[in-house]
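Chemist: Before I ask anything, here is the structure I am working with.
The values are calculated or read from the model by the stated rules, or taken from the named source; none is laboratory data. This structure is a prediction, so every number in the text was calculated from the model and none was measured. All Cβ positions, glycine included, derive from the backbone under ideal geometry; neighbour counts span all protein chains shown. Each accessible area value is taken on the protein alone, full model and side chains, heavy atoms only, with ligands, DNA and RNA left out. Shrake-Rupley method; radii C 1.70, N 1.55, O 1.52, S 1.80 Å.
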Amino acid sequence: MRRLSRKKTLSLVKELDAFPKVPESYVETSASRGTVSLLAFTFMGILTVLEFLVYRETWMRYDYEVDKDFTSKLRLNIDITVAMRCQYIGADVLDLAETMVTSSEGLVYEPTNKTQPLFVNLISQVLFDLTPQQRQWQRMLQQIQNRLQDEISLQDLLFKSAMKSSVTALPPREHPPTEPLSACRIHGHLEINKVAGNFHITVGKAIPHPRGHAHLAALVSHDSYNFSHRIDHMSFGELMPGIINPLDGTEKIAEESNQMYQYFITIVPTKLHTRKVYGDTHQFSVTERERVINHATGSHGVSGIFMKYDISSLMVTVTEDHMPLWKFLVQLCGIIGGIFTTTGMIHGLAEFFVDLVCCRFRLGAYRPIEENHEHNISSNHCSEILQPDPPL
């Protein structure tokens, strides 16, 4: 009984075979079909390789939602060099909640040098003393910034390559400086509130004031004012090497001593979920403005560097997506089956037109079937009439 059931099962499976094998003696081959097969296999291989390359690639997906976190602190990372001595300038933050964050809470003032002093009404194109390696790094950073302004997809590449390189870190000097230390590098981080505020660097150190904020600038000579600066790095949130921010590599040369630089920044909280990094950062956009302070002409204000920031209520989640395996297999089957079917149809149509044009029309063998049948009947009838009677 088991053998009978197995035989029935095997016969049933054979009847359901959707791919019957044709014996070799019934298969007819030709050179044209072989050529088409070679072309089909070649095209199929090329498309398969291209589809595999697409399967290996990833893309960034951007999702937007409302940021509900208003109580946590926001980290401000800064690395800026100002062409003034450290004892002459002060950096701090004042937000809309009238909370002042002084630079002593996380910033370091490091004396450095510049190539030459900058005088009033004198424009210097080479202000900061950088080694050839550092100058090459800064030029590369500026080229990336120019590309980012023209090509948005480059930001996706930077997100993918996060944590793979430290392009945002200024390379160290190969040799100690020989010029006098007449500039100041301010670097470090500050913990600020998640409200709009103003980070600024101006003349004098910050001092307590009944109205909230003041800088002691009376003891600094007006001739020593020089707010030419270079921003090596500025970011918000977690420090992620490999991500280029809009102000990285910015270099400004002051034409006047009473120069005022303003940066208006809009911050967007961002969660980055990629194969290499998982963290919270903040993207931002910036617009710039600079002007000379001249009270006689109505241009009022304070000389210095002012970065006014505001935080968006929307949060962006950047996720690195990958094509699933099942989709890759479905597309691969579509490529193979589609090429087989399409090449077979094209070859069949080509054979039909070649046979129609070259064989039937040219040899005169293409006639309607009824006309050929009537012509045969009439010729047979005529032959019967002309044939003589047999002898008796």
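Chemist: Which value, in Å² rounded to 10, gives the accessible area of LYS205 with a 1.4 Å probe and all protein chains present?
Modeler: So the heavy atoms of LYS205 present about 80 Å² to solvent.
Chemist: Where both partners of a DSSP beta bridge lie in the range 180-312, what percent of those bridges are antiparallel, to the nearest 5? Please report the intermediate quantities before stating the final value.
Modeler: Details: 30 of 38 bridges.
Bridges in the range 180-312 that DSSP calls antiparallel: roughly 80 percent.
Chemist: When only the heavy atoms of the protein chains count and the probe is 1.4 Å, how do THR42, THR29, THR270 rank by accessible area, highest first? Spell out each step's value before the answer.
Modeler: Numbers: THR42 85, THR29 120, THR270 5 Å².
In descending accessible area the options line up as THR29, THR42, THR270.
Chemist: List the residues whose amide H sits under 5 Å from the amide H of ILE311, counting only those 5 or more places along or on another chain, with H placed 1.01 Å from N in the peptide plane.
Modeler: Excluding prolines and chain starts, which carry no amide H, the hits are ALA196, ILE267.
Chemist: Could you pull the accessible area for GLU24 with a 1.4 Å probe, rounded to 10 Å²?
Modeler: So the heavy atoms of GLU24 present about 150 Å² to solvent.
Chemist: Whole angstrom only: what separates the Cα centroid of the range 17-48 from the Cα centroid of the range 213-246?
Modeler: 71
Chemist: Grab the beta carbon distance between THR29 and PHE352, set R0 = 25 Å, and tell me the FRET efficiency rounded to 0.05.
Modeler: Numbers: r = 19 Å, r/R0 = 0.75.
FRET efficiency, THR29 to PHE352: 0.85.
Chemist: What ranking of TYR225, TYR88, TYR263 comes out by heavy-atom accessible area, probe 1.4 Å, highest first? If you can, show how the numbers build up before the last one.
Modeler: Working: TYR225 35, TYR88 70, TYR263 5 Å².
So, going from the largest accessible area down, we get TYR88, TYR225, TYR263.
Chemist: Just to verify a number: what accessible area does CYS333 come out at with the full protein assembly present, 1.4 Å probe, Å² rounded to tens?
Modeler: 100
Chemist: What length, rounded to one decimal in nm, is gained on full extension from LEU329 through to ARG61, with 0.36 nm per residue of separation minus their alpha-carbon distance? Intermediate values should be presented prior to the final figure.
Modeler: Values: separation 268, 0.36 × 268 = 96.48 nm, distance 2.26 nm.
Taking 0.36 nm per residue and subtracting the Cα distance, the gain is 94.2 nm.
Chemist: Can you sort HIS233, HIS189 by 1.4 Å-probe accessible area, starting with the largest? Intermediate values should be presented prior to the final figure.
Modeler: Numbers: HIS233 20, HIS189 70 Å².
Largest accessible area first, the residues go HIS189, HIS233.
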